[in-house]
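One structure is given here, and the rest of the page talks about it.
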Amino acid sequence: GSGGGGYRSSALAGPPVLENSVQKIDVNPPKGTRDFPPEEMRLRNWLFHNFREVSRLSGFEEVDYPVLESEALFIRKAGEEIRDQLYCFEDRGNRRVALRPELTPSLARLVIQKGKSLSLPLKWFAIGQCWRYERMTRGRRREHYQWNMDIIGVPEVTAEAELISSIVTFFKKIGISASDVGFKVNSRKVLQEILMSYSISENLFAKVCVIIDKIEKIPIDEIKKELKSVGMPQEAVNELLEVLSIKSLSELEEILGGAGEAIAELKQLFSLAEKFGYSEWIQFDASVVRGLAYYTGIVFEGFDRAGKLRAICGGGRYDRLLSTFGGDDLPACGFGFGDAVIIELLKEKGILPELVPQIENIVCALDHDLQGAAATVATMLREKGQSVDLVLESKPLKWVFKRAARINAQRLILVGNTEWKKGMVSVKILSSGEQSEIKLDELE
Ligand SMILES: Nc1ccc(Br)nc1
């Protein structure tokens with residue numbers, strides 16, 4: 001065989017080494033990605049179960065899309081970070097493809113594909129893994145799972161109010177209250193009205209929003225520089241930054257006048273919040289614009305009131321996304337909720353759920369020649385819908401008890417010769433230690 005890699009250097013002949021054996025591979029997952037061994041998978045399943053339960057309560061239907069999409073779906077020219085970090089490549093058919101960084105463009109693609117056959121409004125939800133390729137200098141993850149809920153075909157802010165209600169329901173379900181988190185709510189129409197008053201062209205709108213979204217991440221001078229570099233006149237920059245510091249709807253109304261859509265929508269949303277019963281969860285914040293280019297109206301983000309974490313979730317209205325893919329526009333709004341910050345929040349609050357493996361029975365043959373009998377018992381219980389961990393090789397009882405404890409089994413069922421001859425098995429309830437012999441056909 002070839003020299004090098006994997007061959008033993010010692011002169012003594014060891015056991016035959018497989019031809020072409022490889023160097024020990026790196027058993028860690030690729031940079032920025034995670035494995036989900038059982039304990040982590042229980043937590044992930046718990047989280048996703050709550051995502052699905054809330055979506056069900058709100059009457060949303062689950063959808064999914066390929067994790068791999070045409071790169072074209074995500075090519076936007078508004079300077080977004082999500083674009084700069086696109087996990088894109090050329091496949092073996094020389095197609096430009098990308099691992100999706102978000103789910104909304106896929107939703108738009110499917111809605112256009114389905115076209116007139118869809119009866120509106122659509123209420124769809126998805127939980128999907130999303131990717132970014134970030135230089136590992138920042139050591140951040142390259143994948144996360146995102147829960148999305150979207151409403152297509154409803155132009156009124158009742159749709160946004162419904163989405164926020166779903167997220168509030170989710171937070172309450174996992175033990176998070178309005179004293180832990182809140183939602184900052186704004187409308188991009190405020191910005192749009194300002195740009196229009198300076199007769200600044202529409203296509204600057206998305207770029208300006210993406211720049212404003214960085215307002216708490218980079219120095220204000222950098223923000224001003226970037227705004228000027230995309231073509232905003234100085235006085236527009238000044239008024240815009242003024243507006244971002246407005247603290248209340250009434251103050252905003254004074255500046256903008258009561259005629260614009262922005263004020264009307266925000267007022268309606270806050271009044272609906274009252275009726276939904278989540279007023280204490282939301283606040284107006286003129287500085288929130290979110291960083292995705294396609295939002296056109298109401299935007300919102302969930303934040304932790306302790307101010308220790310990044311945004312928990314975010315969303316808004318995107319009435320023009322479909323036409324950017326050549327489809328007919330439909331009113332649309334939705335949100336994304338990642339699987340990372342929420343877990344950090346639960347850890348901070350000390351309310352991570354304690355999730356243990358659940359199994360009802362562990363079944364063990366006391367002699368090797370009763371292995372078949374044990375298999376029969378296991379099958380019978382499984383056919384009754386009971387979970388069974390069947391011991392698959394001869395093991396000392398001590399080992400069986402230890403395993404029973406580790407997998408948190410409720411019952412230990414021992415198949416022994418004397419009992420089996422009488423058509424019985426020995427059953428031990430592990431919580432109480434109570435032991436009894438039970439006829440097989442009475443076991444349930
Ligand atoms: N868009 C995106 C994708 C993956 C991660 Br991790 N964060 C953001």
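Hey, does segment 128-150 have a residue that's under 22 Å from Asp339 (Cβ atoms), touching a strand residue (DSSP E or B) at 6+ places or on another chain (Cβ under 9 Å) and among the small types (Gly, Ala, Ser)? Yes: segment 128-150 contains one or more residues that are under 22 Å from Asp339 (Cβ atoms), touching a strand residue (DSSP E or B) at 6+ places or on another chain (Cβ under 9 Å) and among the small types (Gly, Ala, Ser).
For segment 136-161, a residue qualifies if it is more than 13 Å from the ligand (Cβ to nearest atom) and farther than 29 Å from Ser119 by Cβ, and exactly one does: Thr137. Return a yes/no flag: does segment 90-103 have any residue that is more than 30 Å from Leu355 (Cα to Cα), open to solvent by 60 Å² or more (accessible area, probe 1.4 Å) and within 16 Å of the ligand (Cβ to nearest atom). No, that holds for no residue. Scanning segment 321-333 for residues that are assigned to a loop (DSSP other than H, G, I, E, B) and buried (at least 16 other Cβ atoms within 10 Å of the Cβ) gives Leu330, Pro331.
Listed by first and then second residue, the pairs linking a residue in segment 34-51 that is exposed (fewer than 14 other Cβ atoms within 10 Å of the Cβ) to a residue that is assigned to a helix (DSSP H, G or I), with Cβ atoms under 7 Å apart and 6 or more places separating them unless they lie on different chains, are Phe36/Arg44. Screening Gly336 with (1) in a strand (DSSP E or B); (2) touching a Phe, Trp or Tyr at 6+ places or on another chain (Cβ under 6 Å); (3) open to solvent by 10 Å² or more (accessible area, probe 1.4 Å) gives one miss only, at (2). Scanning segment 104-135 for residues that are within 16 Å of the ligand (Cβ to nearest atom), modelled with pLDDT of 95 or more and open to solvent by 40 Å² or more (accessible area, probe 1.4 Å) yields Gln129, Trp131, Arg132, Tyr133. Residues that are open to solvent by less than 10 Å² (accessible area, probe 1.4 Å) and either out of contact with any Pro (no Cβ under 8 Å at 6 or more places or on another chain) or not hydrophobic (A, V, I, L, M, F, W, C) (or both) within segment 149-173 comprise Met149, Asp150, Val157, Glu160, Ala161, Leu163, Ile164, Ser166, Ile167, Val168, Phe170, Phe171, listed in sequence order. Taking every residue in segment 328-356 that is under 14 Å from Phe170 (Cβ atoms) and pairing it with any residue that is among the small types (Gly, Ala, Ser) and within 15 Å of the ligand (Cβ to nearest atom), at least 6 positions away or on another chain, the pairs with Cβ-Cβ distances below 8 Å are Phe335/Gly314; Phe335/Gly315; Gly336/Gly314; Gly336/Gly315; Val341/Ala311. A residue that is closer than 21 Å to Tyr318 by Cβ, in contact with a Pro (Cβ under 8 Å, 6 or more places away or on another chain), of a type in the set (Lys, Arg) and within 16 Å of the ligand (Cβ to nearest atom) occurs nowhere in segment 67-77.
The values are calculated or read from the model by the stated rules, or taken from the named source; none is laboratory data. All values derive from a computational prediction rather than experimental measurement. Because the Cβ atoms are built from the backbone with ideal geometry, glycine has one as well, and the counts that use them run over all protein chains shown. To get the accessible areas, we keep the full protein, side chains included, count just its heavy atoms, and leave off ligands, DNA and RNA. Shrake-Rupley method; radii C 1.70, N 1.55, O 1.52, S 1.80 Å.
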